[in-house]
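The values are calculated or read from the model by the stated rules, or taken from the named source; none is laboratory data. Values in this document were obtained by computation on a predicted structure and should not be read as measured data. Every residue, glycine among them, receives a Cβ derived from its backbone with ideal geometry; neighbour counts consider all protein chains shown. To get the accessible areas, we keep the full protein, side chains included, count just its heavy atoms, and leave off ligands, DNA and RNA. Shrake-Rupley method; radii C 1.70, N 1.55, O 1.52, S 1.80 Å.
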Amino acid sequence: MLRPFASSRALFRSAGTIRNDYVLPSANPGLRHSFSTSVTLQKKQLPPRPKHPPESEIEESFLKGSGPGGQKINKTNSAVQIKHLPTGIVVKSQATRSRTQNRKIARDLLALKLDELANGPQSRAAVVSEVKKKRAASRAKKSRRKYRKLAESQDDEGSIAEEAEGGEDVEGGEWEEISADSVEEVKAETEEPQFLDRAKVQSTESSITKNK
Amino acid sequence: MPRLPPSLFWRARREISPLAAQLLPACRDLESAANELRWIREHVQDTKSAIPNTLRVWKLVDKRARGVPLQYVLGTQPFGDLEIKCRPGVLIPRPETEAYTLYLASILSHSQPPTHSLSILDLCTGTGCIPLLLLHSLLTNPSTRDIPIHIHGVDISPHAVALARENQAHNTAVLHHLPPPSSSGVRYTLDFTQQDIFSPAFVPNFLLQDLRPKGPALDLLVSNPPYISPRDFATATARAVRNYEPRLALVPGHQRHHLSSDGSSPENEEDEEFGQRYGCRPEDIFYTRLREVAAALRPRRVLVEVGGWEQAQRVVGLFLGGGGSGSGDDAGGNYEVEIWRDEPAAGDRGEKVEIAGREVAVRGVGKGRAVYLCNDDV
Ligand SMILES: C[S@@+](CC[C@H](N)C(=O)[O-])C[C@H]1O[C@@H](n2cnc3c(N)ncnc32)[C@H](O)[C@@H]1O
């Protein structure tokens, strides 16, 4: 589906401003839920980011270019599409110019979808969208620029502001909206107690094919 | 290139924006036009300027619409977790290069004895994308982040060397994707120098003047050299590449003066003749030289990018001892040889081919993209 106006500015900026990522192992995208210690009331309402399903359950389709590839062409297509084998769920990300980033985003989106499948109204996606509705009115008053500063100045983990901002001008893209916060993942990794395995619950049930 | 149907322009204008319609001829399809327009807008919003944003967007779209590669228009290309600065005169890093570089780093990390150090040489380094991403990946992997790492990048082009150094600083001091070399607990060196790898002095310099990465042995020789024949450059290379990226980075043939032993002026030679002089096809010239360099430096691993399956097979043959300038060495003798496809990490199907009487493992999916040699006894 074409999303011409979907904005991923928040995503891209986030990706660019991650600090000190060299101190963290990059090879472990699974465990990255983390809430800052100074949790505000709003933040507490959010279930944690769901964990990525294991790589063995994911099939990544590489968009085969028809041309020779390599030095002879210079394509900008960075889209990543993955399929969750147990459920058949397919997600695609072309939010950023970075394929590495899009691979992470696609996995974040998949995790959210599985979480929603397993937890319905209690899922992170559902709660986020609920909170967003409530805050819509107050948010509308603020200018976009001012708002962005606000979002930036907050600690980004679990921040609703980030999520809302990322999705502000996304056309009906619930998943894109939520994806905005999931890019902050390269932060401190703390143990994630309660919600960790929810996404897995349904992972063995098959044959739900969702495609955007 | 086939003409795009008018209906596509109409749709771009109506469903996206007149600017997207303007981008269509360069982008070729609606989805790319929409994406690139979005990225241009984001870029403008994220950078400060005295010029109004709408005007800046318009200008960048106009530039892109004239065929300038997006990476030159925006000045960057993401590469792994890094951001690589791009400028006309230096080749833009390709996604295939990104894929095998990450895979290569994972191999180095997994097969590394913990007390060892790592020394890496990248020839034809361009923007420095390969050494920078290797370094980033090795430093973020628990099994290699505490060992000393020494990397050296070489390019003939002063523009490339300058940009590679800029990219090192950009990803270290500005973006903090890399730690400073002197930070506590981190030990690495990364240097770029301007050299012609065809120069007869190249290998001796390297060995004598200690230009080679420090350490007892060379762990990896990696190179993405020019590998397009003059004919393919004219007929089988995308227009944006041909018109805007440096020929020096793509087509072997600008190094011929080093090969003329008689002191004649071979600058006027056709590229084809140049190839014959070196005893191989014009597009394979660099591999012949890389084999010589490998024979002299005896790296534990070698990885060279290639233009496709046929070239991959020729390069395997070359390194296994057939052909080349016949310097009498046995560069390929003890090496395990593999051919990597575009996505070397994807779907291991146990594919194998036989080349020059040797079994060669083929990894991944896509086009033949790299030849990998490994000798753990070195
Ligand atoms: C295909 S580009 C590769 C750049 C970079 N490694 C990458 O993967 O994006 C080849 C590079 O080789 C350099 N080069 C060409 N002839 C050379 C020579 N004789 N010695 C050293 N470098 C050379 C070019 O300047 C160019 O930067």
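So which residues in the range A:112-138 are among the aliphatic types (A, V, I, L, M) and within 12 Å of A:LEU46 (Cα to Cα), if there are any at all? Quick ask: steps written out before the conclusion?
The initial filter retains those residues of the range A:112-138 that are among the aliphatic types (A, V, I, L, M), namely A:112, A:114, A:117-118, A:125-128, A:131, A:136-137.
Within the range A:112-138, A:ALA125, A:ALA126, A:VAL127, A:VAL128, A:VAL131 qualify.
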Can you pull out the residues in the range B:238-255 that are within 8 Å of another protein chain (Cβ to nearest Cβ) and within 12 Å of the ligand (Cβ to nearest atom)? B:VAL241, B:GLU245, B:ALA249, B:LEU250
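Looking only at the range B:99-127, which residues are open to solvent by 10 Å² or more (accessible area, probe 1.4 Å) and within 9 Å of the chain's Cα centre (by Cα)? Full working, then the answer.
Within the range B:99-127, the subset open to solvent by 10 Å² or more (accessible area, probe 1.4 Å) is B:99, B:102-103, B:106-107, B:110-117, B:124, B:126.
Listed by number, the residues that qualify are B:CYS124, B:GLY126.
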If you go through B:GLU42, B:GLU96, B:GLU31, the only one that is assigned to a helix (DSSP H, G or I), of a type in the set (Asp, Glu), touching a residue at least 60 places away in the same chain (Cβ under 8 Å) and over 19 Å from B:GLU166 (Cβ atoms) is B:GLU96
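Answer yes or no as to whether B:LEU82 is farther than 21 Å from B:VAL174 by Cβ and either within 16 Å of the ligand (Cβ to nearest atom) or open to solvent by less than 20 Å² (accessible area, probe 1.4 Å) (or both). Explain how you work it out, then say what you get.
Numbers: farther than 21 Å from B:VAL174 by Cβ: no; either within 16 Å of the ligand (Cβ to nearest atom) or open to solvent by less than 20 Å² (accessible area, probe 1.4 Å) (or both): yes.
When the stated conditions are applied, B:LEU82 does not pass them.
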Have a look at A:GLN101, A:GLN81, A:GLN71, A:GLN94 and point out the one that is out of contact with any Pro (no Cβ under 9 Å at 6 or more places or on another chain), under 30 Å from B:ASN243 (Cα atoms) and within 14 Å of chain B (Cβ to nearest Cβ). A:GLN94
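Looking at the range B:180-203, which of its residues are within 16 Å of the ligand (Cβ to nearest atom) and open to solvent by less than 60 Å² (accessible area, probe 1.4 Å)?
Going residue by residue through the range B:180-203, those that are within 16 Å of the ligand (Cβ to nearest atom) are B:190-203.
Across the range B:180-203, the qualifying residues are B:LEU190, B:PHE192, B:THR193, B:GLN195, B:ASP196, B:ILE197, B:PHE198, B:SER199, B:ALA201, B:PHE202, B:VAL203.
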Residues of the range B:1-25 being among the small types (Gly, Ala, Ser) and within 11 Å of another protein chain (Cβ to nearest Cβ), which ones? B:ALA12, B:SER17, B:ALA20
Sort out which residues of the range B:120-175 are within 14 Å of the ligand (Cβ to nearest atom), touching a Pro at 6+ places or on another chain (Cβ under 9 Å) and away from chain A (no Cβ under 14 Å), and write them in order of number. B:ILE120, B:LEU121, B:ASP122, B:LEU123, B:THR125, B:ILE151, B:HIS152, B:GLY153, B:SER157, B:HIS159, B:ALA160, B:ALA164
Condition first: open to solvent by 20 Å² or more (accessible area, probe 1.4 Å) and not in a strand (DSSP E or B). Now tell me which residues in the range B:343-378 satisfy that. B:ALA345, B:GLY347, B:ASP348, B:ARG349, B:GLY350, B:ALA356, B:GLY357, B:ASP376, B:ASP377, B:VAL378
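Facing chain A (nearest Cβ under 7 Å), within 30 Å of the chain's Cα centre (by Cα), at pLDDT below 95 and assigned to a helix (DSSP H, G or I), is that true of B:GLU36? If you could, list the steps in order and put the result at the bottom.
Values: facing chain A (nearest Cβ under 7 Å): yes; within 30 Å of the chain's Cα centre (by Cα): yes; at pLDDT below 95: no; assigned to a helix (DSSP H, G or I): yes.
Considered against the rule, which asks whether it is facing chain A (nearest Cβ under 7 Å), within 30 Å of the chain's Cα centre (by Cα), at pLDDT below 95 and assigned to a helix (DSSP H, G or I), B:GLU36 comes out as no.
Consider B:ILE92 carefully, then state whether it is closer than 19 Å to B:PRO131 by Cα, facing chain A (nearest Cβ under 9 Å) and open to solvent by less than 10 Å² (accessible area, probe 1.4 Å). Break it down stepwise before answering.
Values: closer than 19 Å to B:PRO131 by Cα: yes; facing chain A (nearest Cβ under 9 Å): yes; open to solvent by less than 10 Å² (accessible area, probe 1.4 Å): yes.
Yes.
In the range B:157-179, which residues are touching a strand residue (DSSP E or B) at 6+ places or on another chain (Cβ under 7 Å) and open to solvent by 60 Å² or more (accessible area, probe 1.4 Å)?
Initial filter on the range B:157-179 (touching a strand residue (DSSP E or B) at 6+ places or on another chain (Cβ under 7 Å)): B:158, B:161, B:163-168, B:170-171, B:175, B:177.
Of everything in the range B:157-179, those that are touching a strand residue (DSSP E or B) at 6+ places or on another chain (Cβ under 7 Å) and open to solvent by 60 Å² or more (accessible area, probe 1.4 Å) turn out to be B:PRO158, B:ARG165, B:GLU166.
Considering only the range B:45-56, I want to know if a residue exists there that is away from the ligand (no atom under 16 Å from the Cβ), more than 9 Å from chain A (Cβ to nearest Cβ) and under 27 Å from B:VAL186 (Cβ atoms). Walk me through it before giving the result.
Taking the range B:45-56 first, the residues away from the ligand (no atom under 16 Å from the Cβ) are B:45-56.
Keeping just the survivors that are more than 9 Å from chain A (Cβ to nearest Cβ) gives B:47-56.
Checking which are under 27 Å from B:VAL186 (Cβ atoms) leaves us with none.
No - not one qualifying residue is present in the range B:45-56.
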Given the conditions (1) out of contact with any Lys or Arg (no Cβ under 8 Å at 6 or more places or on another chain); (2) within 25 Å of B:VAL304 (Cβ to Cβ); (3) outside any helix (DSSP H, G or I); (4) at pLDDT 90 or above, report the number of the one that B:LYS214 does not fulfil. (4)
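Take B:VAL304 and tell me if it is within 14 Å of chain A (Cβ to nearest Cβ), part of a helix (DSSP H, G or I) and modelled with pLDDT of 85 or more. Let's see the steps before the verdict.
Details: within 14 Å of chain A (Cβ to nearest Cβ): yes; part of a helix (DSSP H, G or I): no; modelled with pLDDT of 85 or more: yes.
Considered against the rule, which asks whether it is within 14 Å of chain A (Cβ to nearest Cβ), part of a helix (DSSP H, G or I) and modelled with pLDDT of 85 or more, B:VAL304 comes out as no.
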